[in-house]
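The values are calculated or read from the model by the stated rules, or taken from the named source; none is laboratory data. It should be emphasised that the depicted structure is a prediction, and the values quoted were computed from it without experimental measurement. Cβ placement follows ideal geometry from the backbone for every residue including glycine, while neighbour counts extend to all protein chains displayed.
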Amino acid sequence: MPDHSKRPRRARTLAALIVPVAAVALVATAPAGAQPASTPSGWVTQAGTYDYLVQPDFDAVASLADVVGKSTIGLGTFDQLDGELVLVRGTVYRVGTDGTPRPVDLNRTTPFFQGVRFSPQEWVTLAANTACSELIPIIDAAAGAEDGIVAVRINGTFSALTTRSVPKQAKPYPPLSDVIAEQVQFPMTDRKATLVGFRQGSDMLGVGQPGLHLHGLTRDAEAGGHVLSCTVGSGARMAIQQVRGVQLHAPSGG
């Protein structure tokens with residue numbers, strides 16, 4: 001994990017950045033404080049960045065009302081890392097360290113959020129006993145690419161599923177790795193669930209963490225959180241959507 005703790009702190013001014021996935025180096029920055037336009041179809045709306053979290057900085061950069069919009073799936077966290085955020089079927093849930101998902105008001109704020117109005121392009125039936133750790137090559141093959149961002153939704157029964165949440169943090173913020181060491185895990189077996197998230201290529205380093213990031217919610221909405229591991233049961237189906245770009249809401253200024 002990169003160490004960004006010595007980077008200068010950024011002001012809380014909100015700017016909107018447009019990041020085409022196919023040309024990440026080409027970034028157009030809106031004037032400070034400007035209201036961004038609606039997110040283009042097929043693009044991710046994002047608040048904050050992975051680099052921002054590992055500074056470490058867990059202060060909110062936007063309200064959920066500013067960034068959720070028409071997104072139907074997504075993930076993230078809340079101001080001061082106060083629980084895991086899961087967006088399923090257009091409803092935002094918070095999973096705290098008690099492991100119970102609860103719908104939240106969109107006036108809550110976030111330092112990191114990714115969401116998309118999900119419109120699947122490919123579907124894959126997953127073989128029984130497929131593990132989460134084996135999903136990236138399957139996603140890449142279905143998408144026909146290893147770079148950029150692919151939105152992912154998996155519905156089905158999981159013979160094993162372990163999720164987690166982390167406790168709310170206070171300043172001075174500890175490194176993100178120290179926070180994760182305090183995580184509370186929720187192991188489950190034979191649960192119907194929906195997992196949502198994003199496979200991000202190495203070309204998106206900094207904007208997001210390369211790899212597969214999933215959050216989940218059981219079908220009965222009684223458990224969920226950040227997915228640490230899973231093993232697919234029978235009849236699980238994965239849908240994917242190649243993302244065209246990212247509209248990024250991030251602090252700017254000195």
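Annotations
- Top-ranked residue of segment 54-102 - restricted to ones that are in a loop (DSSP other than H, G, I, E, B), polar (S, T, N, Q) and at pLDDT 95 or above, ranked as surrounded by the fewest Cβ atoms within 10 Å (Cβ to Cβ): Thr100
- Residues of segment 226-249 that are part of a loop (DSSP other than H, G, I, E, B) and closer than 21 Å to Asp140 by Cα: Gly235, Ala236, Val243, Arg244.
- Single match in Phe118, Phe112 (criterion: touching a residue at least 40 places away in the same chain (Cβ under 8 Å) and farther than 26 Å from Gly235 by Cα): Phe112
- Flag if Asp105 is exposed (fewer than 13 other Cβ atoms within 10 Å of the Cβ), at pLDDT 95 or above and charged (D, E, K, R): yes
- Within the option set Ala141, Ala128, being farther than 20 Å from Arg219 by Cα, of a type in the set (A, V, I, L, M, F, W, C) and in the same structural domain as Lys192 (by TED's automatic domain parsing) holds for one residue only, Ala141.
- Filtered residues of segment 125-143 (kept if free of Cβ contacts under 8 Å to residues at least 40 places away in the same chain and of a type outside the set (Asp, Glu)): Pro137, Ala141
- Tally of residues being of a type in the set (D, E, K, R), under 13 Å from the mean Cα position of the chain (by Cα) and under 12 Å from Arg108 (Cβ atoms) across segment 73-93: 0
- Positions within segment 145-171 being surrounded by fewer than 18 Cβ atoms within 10 Å (Cβ to Cβ) and touching a residue at least 24 places away in the same chain (Cβ under 8 Å), in sequence order: Ala145, Glu146, Asp147, Asn155, Thr157, Ser159, Ala160, Pro167, Lys168, Ala170
- Within segment 202-231, the only residue that satisfies the criterion of being among the β-branched types (Val, Ile, Thr), surrounded by 23 or more Cβ atoms within 10 Å (Cβ to Cβ) and over 20 Å from Glu182 (Cα atoms) is Val207.
- Here Val124 meets each of (1) under 20 Å from Gln183 (Cα atoms); (2) touching a helix residue (DSSP H, G or I) at 6+ places or on another chain (Cβ under 7 Å) with one exception, condition (1).
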